[in-house]
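Please treat every number below as a calculation from the coordinates, not as lab data. No experiment lies behind these values; they were computed from the predicted model shown. Cβ coordinates were reconstructed from backbone atoms using ideal geometry, including for glycine residues, and neighbour counts include every protein chain displayed.
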Amino acid sequence: MKLRTFVFNPVEENTYLLYDDTKECVIIDPGCYSPAEQAQLKEFIQEKELTVKHILNTHLHFDHCFGINFVSKTYNVGLQAHKGDEEFLHRLPEQAARFGFHVNEENPTISQYINEGDEISFGEQTLRAIHVPGHSPGSIVFYSEEYGCLFVGDVLFQQSIGRTDLPGGDYDTLINGIKAKLYTLPDETKVFPGHGPDTTIGFEKRNNFYVKGNI
């Protein structure tokens, strides 16, 4: 059963909605900041007659979190994320204010922790969690082996990597994690990042200055 992906870019952050013919779906990194961005997501879900089964966050930096409460309250589903990033939720208004955004609602909470190797199912699909810290302590990548695709948050970008100068970041940890856990996947694996265009593992192995070369 074919996996379908819808992506849109609230606050220049890629929010992904994955679904198949069962009409069950997951939302990865809901970054909906404005009512218009929330409406765009809601209209797509209504148009496709989808049932939201999971909210999954690759990590919990503010720009990936703006829409968590909206999705959770609208569709009665809880947030799933890694415990290592939980502290960021407690400081969400502070995080956002540093970059000129205002948050005036209650902080989201994690309803279920995601750990290395956990499997998240919806419809006929399964995503496996891969823990790749370094951009943040709790950064998680979601991998569909069947469809050969990764949803990586800010771990890996086209010819770049996530910044490591934020609290809890560590450059060596991130580079080692990419090499050990992502570069060992098939070269044709598609990579869908939290910002910017998609890429592939093979392209990054050949062209990414930060993690290019032998693994």
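Brief remarks on what is shown
- Sequence-distant lysines (8 or more away, or on other chains) whose Cα lies within less than 18 Å of residue 48: 2, 23
- Rounded Å value of the spacing that divides the Cα centres of the range 145-199 and the range 1-60: 20
- Of 42/190; 53/190; 83/179; 73/181; 83/181, those spanning more than 29 Å from alpha-carbon to alpha-carbon: 73/181
- Sites excluded, trypsin sites (Lys or Arg not before Pro) in DSSP loops with at most 16 other C-beta within 10 Å, longest stretch of the chain: 92-162
- Whole-Hz ³J(HN,Hα) from phi, Karplus 6.51 cos²θ - 1.76 cosθ + 1.60, for the range 136-144, glycine and proline x: 9, x, x, 5, 10, 10, 9, 10, 9
- A DSSP coil position with no more than 14 other Cβ atoms inside 10 Å describes the following GluC sites (Glu not before Pro) in the range 29-128: 49, 105, 106, 116, 124.
- Scalar couplings 3J(HN,Hα) for the range 119-134, obtained by applying the Karplus form with A = 6.51, B = -1.76, C = 1.60 to θ = phi - 60°, are 10, 10, 10, 7, x, 9, 10, 9, 10, 9, 7, 10, 7, 10, x, x Hz; x denotes Gly and Pro.
- Mean separation of Cα contacts under 8 Å, 6 or more apart, over the residue count of the range 21-65: relative contact order %: 60
- Taking amide H as placed 1.01 Å from N in the peptide plane, the amide H of residue 147 sits under 5 Å from none that are at least 5 places away or on another chain.
- Candidates 57, 104, 176, ranked by Gaussian network fluctuation over the chain, Cα under 10 Å, top entry: 104
- For the chain: rounded, prolate or oblate by the Cα gyration tensor [a/c cutoff 1.5]: oblate
- Mean Cα-pair separation over length for the chain, i.e. relative contact order, pairs under 8 Å, 6 or more apart, %: 15
- Gyration tensor (alpha-carbon) shape descriptor, the range 26-127, a/c threshold 1.5: oblate
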